[in-house]
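Below is one structure, written out as structure tokens; comments come after it.
The values are calculated or read from the model by the stated rules, or taken from the named source; none is laboratory data. A quick note: this is a predicted structure, and the numbers were derived from the prediction, not measured. Cβ placement follows ideal geometry from the backbone for every residue including glycine, while neighbour counts extend to all protein chains displayed. Calculation scope for accessible area: heavy atoms of the full protein, side chains included, ligands and nucleic acids excluded. Shrake-Rupley method; radii C 1.70, N 1.55, O 1.52, S 1.80 Å.
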Amino acid sequence: MKLWGQISVELNVEDFVEAADHQKRLEDMLRLVRASYPEATLAMRERRQRRPTPVVRARPPGLGTGRLNDYAER
């Protein structure tokens, strides 16, 4: 059986210099983890905030669904 363990750390940084400092700290911690788990890896990715989902308004009654067949019988 194979298992996969994951440790996540979410960081808020102002610039690449600060990000590099955090990466170095995490790499130092990774060395400790690799003493017990030699195949451990570190992946750092930029995480962009999600854009707010636009509000979709319901169609007023009597306007159909917008499908072509709604207008074929009219």
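Things to note:
- Number of residues in the range 1-33 that are part of a helix (DSSP H, G or I), more than 19 Å from the chain's Cα centre (by Cα) and of a type in the set (A, V, I, L, M): the value is 7.
- The set of residues in the range 33-74 being under 30 Å from residue 7 (Cβ atoms), of a type outside the set (D, E, K, R) and either at pLDDT below 70 or surrounded by 10 or more Cβ atoms within 10 Å (Cβ to Cβ) (or both) consists of 33, 37, 40, 42, 44.
- Hey, residue 13 at pLDDT 90 or above and in contact with a His (Cβ under 9 Å, 6 or more places away or on another chain) or not: yes
- Contact map, the range 23-49: residues that are under 19 Å from residue 13 (Cα atoms) paired with residues that are assigned to a loop (DSSP other than H, G, I, E, B) and open to solvent by less than 100 Å² (accessible area, probe 1.4 Å), Cβ distance under 7 Å, separation 6+ or inter-chain. Pairs shown: 23/44; 26/9; 26/42; 27/42.
- Residue check for residue 13: open to solvent by less than 100 Å² (accessible area, probe 1.4 Å) and touching an Asp or Glu at 6+ places or on another chain (Cβ under 9 Å): yes
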